[in-house]
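Colleague: I have a structure here, written as structure tokens, and I will follow up with some questions on it.
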Amino acid sequence: MTNAAPSRAIILTGTEQPNVAGRSLKAGPLTAELENGGLRTIRFGGVEVLRTIAFLVRDENWGTFDPAIGDLKVSEAADGFTVTYKAVCSDAKRKIRYDARIAGKADGTLTFEAVATPETDFLTNRTGFVVLHPLKGVAGHTVKIEHVDGRKVTDKFPAIVDPVQPFKDIRALSHEAAPGLWATTRMEGDTFEMEDHRNWCDASYKTYVRPLALPWPYTLKKGESFTQSVSLSFSGPAPAAASAAAASGITVSLGQASGTKLPRIGLGLPAAEGAASLAAADLLKKAGAQLLIAEIDLREGHGRKELDTAKKLGETIGAAIVLEVVLPGQSDDPATELAPLAKALGESGLKPAAIAVSPAADLKAVLPGSKGPQVPPLETIYEAARKLFPGIALGGGMFSFFTELNRKRPPARLLDYVTHSSSPIVHAADDKSVMETLESLPYQIQSTRAFIAGKPYWVGPSAIGARNNPYGAASSPNPANQRVCLSQMDPRQRGLFGAAWNLGYIAAFAKGGIEVVSLGATTGSIGIVHRRTGAPQPFFDGQGQPAVFPVYHVIADLAAAAGEALVPTRSSDAGKVEALAAHGPGGTHLWVANLTAEKQMVTLADIPAGPAKLRMLDEASFVEAVTQPAWFATATQPLDLKAPLRLGAYAVARIDWSSR
């Protein structure tokens, strides 16, 4: 083993790239964070009113430019603040400049204006302001809409995730941010419309410039300046300040064991990871996943070799095999594409627990108003699979994200379960945005349940990294080991951050009664066991022995608890600390994850007095946890359940006691 100790940044997030650091702005009860030229977490009297206001420039592939910001000036006084800066977005083909001015006042008035001038013809899918409304106190609640033609209507923000645009031709939106306090967001300079960002796991509703019904990409002509602005104003009383008790710490409380069972845990088995997974079989066996989701992409000629590998690995580690079959979709008769696989499966002797099928075309997104490629109807595909794989549970849905499932809902009556995967880095890749995506998951669960006719619901394989990119030709390259949207290789998979996020992800779906939650992969860029990939993996690439990522221990714990009774938990601030608990023959197990980079003090409530054991996955235990996984799995210490629990940045605590 190398003697070089990992840096704190590598321990926490797997990368030395600094996370986006914001600057706090304050004008009386109005507060906001200035981040990379945009405003974030806009609050009035402590209540989050808007999540984001930002001027964004996107290319013809929906990639977002990172603006080069200069001449930044910030002026603050007791009754207000102003911010001005100049920004440039460019690449080898194009360039645009914009001047921005932000002003906030103590009465809550906020304005953000941008004057943009293309210095070349500029091809773009979207350039202009984006406004994000948060979910808390907004989802399912009243909104007053002023349209561009002056019409005013009253409606509700969608409760169930809307697959298309809930509101169009928007000029202003008003919502009740707190009892009696109405916030009005006005957008000028173009026509705006809204999409339900929860489709992509974003915890917001997004109002954006230029309707999707208009042609895109489009060209901003050289030298033709344009101006856009967003303003925020309030009417009604400001909310009361938060109590000192609410600000002093976080409480996690437990209820009584329920009839809901913890889900079975699966791991992805990409075809390219077969050999590496067999080499890591001992570690994977100890991780204890009940299922391996084996990739069978018929476009790539997958067949007997991949089936034999899956069979051998499953038998070695004690996991059942689920085949995830991608059809080329080149034939009007899907049976002709599935028949060679059925023959190979019979010859291999593999008895899969389930088979899920999807046409390759469904791996790519089809935007509202657009027409996708012609493929056989899902009914035809599922009927062919039933005939060729009799007696095997059949799954369907999307191997891409919830968005695509929501926009092309499968005929669930023909399936034994419905599935989709997800990634939290579609639109933003900073640490805060990624953790915030956990807020959207209960809405995705509720929405999926609404259209799958009571059929079992499986999710995954999912990871922070995007295993595929429905919105481009391939996942985004990430040679510098940084935070990159829609990259398969996300460095946080290797850090404590990844363990905390995965605990939050599993917790959300476990509380939603999901039958199977599958994560990432066995090995590789979204795996749980390290292998060299050609991309830099600081600290891990220097090890002279097998190593695992911190998330390995989360998956091993939850796999061991699969089928145990879920114990309801409540966090007084689930955006900072998430919890999951289960009760089984060995007693009660509680997992508590810090979802932030700051230390958190947690009080455990409604928990019986008595002896307990604690195992802490944190900065102090990181090296041992990843290099000596067998030792760490039993590295516990006594815990006083009535004492506050101290959680370091992105720490995950496991607490066990025998009573209850």
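Colleague: Would you check if there is a residue in region 641-659 being of a type in the set (Ser, Thr, Tyr), in a strand (DSSP E or B) and under 20 Å from Leu262 (Cβ atoms)?
Modeller: Among the residues of region 641-659, not one is of a type in the set (Ser, Thr, Tyr), in a strand (DSSP E or B) and under 20 Å from Leu262 (Cβ atoms), which makes the answer no.
Colleague: Another question, if that's okay. Which ones in region 639-652 are surrounded by fewer than 19 Cβ atoms within 10 Å (Cβ to Cβ) and at pLDDT below 95?
Modeller: Those that are surrounded by fewer than 19 Cβ atoms within 10 Å (Cβ to Cβ) and at pLDDT below 95: Asp640, Leu641, Lys642, Ala643, Pro644.
Colleague: When you go through (1) of a type in the set (A, V, I, L, M); (2) outside any loop (DSSP other than H, G, I, E, B); (3) closer than 30 Å to Arg210 by Cα; (4) touching a Pro at 6+ places or on another chain (Cβ under 8 Å) one by one for Ala365, which number turns out not to apply?
Modeller: Result: Ala365 fails condition (2) only.
Colleague: With the requirement that a residue be touching a Ser or Thr at 6+ places or on another chain (Cβ under 6 Å) and outside any strand (DSSP E or B), what does region 597-632 give you?
Modeller: Asp606, Pro608, Gly610
Colleague: As an exercise: evaluate Ile655 against (1) at pLDDT 90 or above; (2) in contact with a His (Cβ under 8 Å, 6 or more places away or on another chain); (3) under 19 Å from Phe540 (Cβ atoms) and give the number of the one condition it does not meet.
Modeller: Result: Ile655 passes all but (3).
Colleague: On to the next question. I want to confirm something. Restricting to region 571-596 and keeping residues that are among the polar types (S, T, N, Q) and part of a loop (DSSP other than H, G, I, E, B), which single residue is surrounded by the fewest Cβ atoms within 10 Å (Cβ to Cβ)?
Modeller: Looking at the filtered set, the residue picked out is Ser572.
Results for (1) of a type outside the set (Gly, Ala, Ser); (2) crowded, with 20+ Cβ neighbours inside 10 Å; (3) in contact with a strand residue (DSSP E or B) (Cβ under 7 Å, 6 or more places away or on another chain), shown as yes or no for each residue.
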| residue | (1), (2), (3) |
| --- | --- |
| Leu415 | yes, yes, yes |
| Ala429 | no, yes, no |
| Ser433 | no, yes, no |
| Glu436 | yes, yes, no |
| Thr448 | yes, yes, yes |
| Pro461 | yes, yes, yes |
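Colleague: Since Leu313 meets every condition but one in (1) surrounded by fewer than 21 Cβ atoms within 10 Å (Cβ to Cβ); (2) farther than 27 Å from His589 by Cα; (3) of a type outside the set (Lys, Arg); (4) at pLDDT 95 or above, which condition does it not meet?
Modeller: (1)
Residues checked against (1) in the same structural domain as Gly504 (by TED's automatic domain parsing); (2) in contact (Cβ under 8 Å) with a residue 24 or more places away in the chain; (3) not hydroxyl-bearing (Ser, Thr, Tyr):
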| position | (1), (2), (3) |
| --- | --- |
| Ala272 | yes, yes, yes |
| Lys286 | yes, yes, yes |
| Gln290 | yes, yes, yes |
| Gly303 | yes, yes, yes |
| Leu327 | yes, yes, yes |
| Thr336 | yes, no, no |
| Ser348 | yes, yes, no |
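Yes/no per residue for (1) buried (at least 22 other Cβ atoms within 10 Å of the Cβ); (2) in contact (Cβ under 8 Å) with a residue 24 or more places away in the chain; (3) at positive phi:
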| position | (1), (2), (3) |
| --- | --- |
| Ala339 | no, yes, no |
| Ala353 | no, yes, no |
| Gln374 | no, no, no |
| Thr380 | no, yes, no |
| Ala385 | yes, yes, no |
| Pro390 | no, no, no |
| Gly397 | yes, yes, yes |
| Leu405 | yes, yes, no |
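Colleague: Within region 175-192, how many residues turn out to be under 15 Å from Ile145 (Cβ atoms) and surrounded by 19 or more Cβ atoms within 10 Å (Cβ to Cβ)?
Modeller: 5
Colleague: Quick check: is even one residue across region 250-258 part of a loop (DSSP other than H, G, I, E, B) and among the hydroxyl-bearing types (Ser, Thr, Tyr)?
Modeller: Yes: one or more hits.
Colleague: Where in region 18-104 are there strands (runs of 3 or more DSSP E), lying wholly inside it, with at least 2 residues that are surrounded by fewer than 16 Cβ atoms within 10 Å (Cβ to Cβ)?
Modeller: Filter on region 18-104 gives 23-27, 68-77, 80-90.
Colleague: Among the residues of region 167-222, what is the count of those that are outside any strand (DSSP E or B), in contact with an Asp or Glu (Cβ under 9 Å, 6 or more places away or on another chain) and among the aromatic types (Phe, Trp, Tyr)?
Modeller: Qualifying residue count for the region: 1.
The values are calculated or read from the model by the stated rules, or taken from the named source; none is laboratory data. Worth saying up front: this structure is predicted, and the values here are computed from it rather than measured. Note: ideal-geometry Cβ built from the backbone for every residue, glycine included; neighbour counts use all protein chains shown.
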